[in-house]
Amino acid sequence: MAPLTLDKIQTSTTFDIPGCAVVRSMGVVRGLIVRSPTISQGFLGGLKTIIGGNIEAYREVCEQARSDAFSAMLLHASQLGANAVIGVHYDTSEIGAQSRATEVLCYGTAVLVQVER
């Protein structure tokens, strides 16, 4: 059976999907991304920390990292033959003392679900 396209895999932060029954659990799946701001994002973000306010340059880096980690998790689930991922969560941490790199981990439980009748 061919893997589902990533946009066809259902996700939930809870441990069920309303209207569906979990038929089989395939284990933990994860997507891991390590990102740092570009030179211009770092420069603009550094200036913004001095004057205060929302740091849009850093927000963009974080949002892209979350999106990429989520996609990597879905790819992992697809490779296992899952059609859903339940219990989806994110964790983040900084890598290195001065590197400004951030690790974003997206993880959940890959499952096979079917619509309840």
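The values are calculated or read from the model by the stated rules, or taken from the named source; none is laboratory data. Note that the structure is a prediction, hence the values are computed from the model and not measured. No Cβ is skipped: glycine too gets one built from the backbone with ideal geometry, and neighbour counts run over all protein chains shown.
Taking into account only those residues within the stretch 85-117 that are modelled with pLDDT under 95 and of a type in the set (D, E, K, R), which is surrounded by the fewest Cβ atoms within 10 Å (Cβ to Cβ)?
Checking each candidate, the answer is 117.
For residue 75, state whether it is within 14 Å of residue 32 (Cβ to Cβ) and surrounded by fewer than 20 Cβ atoms within 10 Å (Cβ to Cβ).
Spelling it out, residue 75 is indeed within 14 Å of residue 32 (Cβ to Cβ) and surrounded by fewer than 20 Cβ atoms within 10 Å (Cβ to Cβ).
Counting just the residues of the stretch 1-15 that are at pLDDT below 95 and not hydrophobic (A, V, I, L, M, F, W, C), which one comes out surrounded by the most Cβ atoms within 10 Å (Cβ to Cβ)?
Step by step, filter the stretch 1-15, then rank; the result is 3.
Looking at (1) out of contact with any helix residue (DSSP H, G or I) (no Cβ under 6 Å at 6 or more places or on another chain); (2) aliphatic (A, V, I, L, M); (3) at pLDDT below 90, which is the only condition residue 28 fails?
Of the numbered conditions (1) out of contact with any helix residue (DSSP H, G or I) (no Cβ under 6 Å at 6 or more places or on another chain); (2) aliphatic (A, V, I, L, M); (3) at pLDDT below 90, the odd one out for residue 28 is (3).
Mind listing whichever residues of the stretch 82-111 are part of a strand (DSSP E or B), more than 13 Å from residue 12 (Cα to Cα) and touching a Gly at 6+ places or on another chain (Cβ under 8 Å)?
Selection gives 105 alone.
Taking residue 59 as the residue in question, decide whether it is out of contact with any Asp or Glu (no Cβ under 6 Å at 6 or more places or on another chain), surrounded by 15 or more Cβ atoms within 10 Å (Cβ to Cβ) and modelled with pLDDT of 70 or more.
So residue 59 fails the test.
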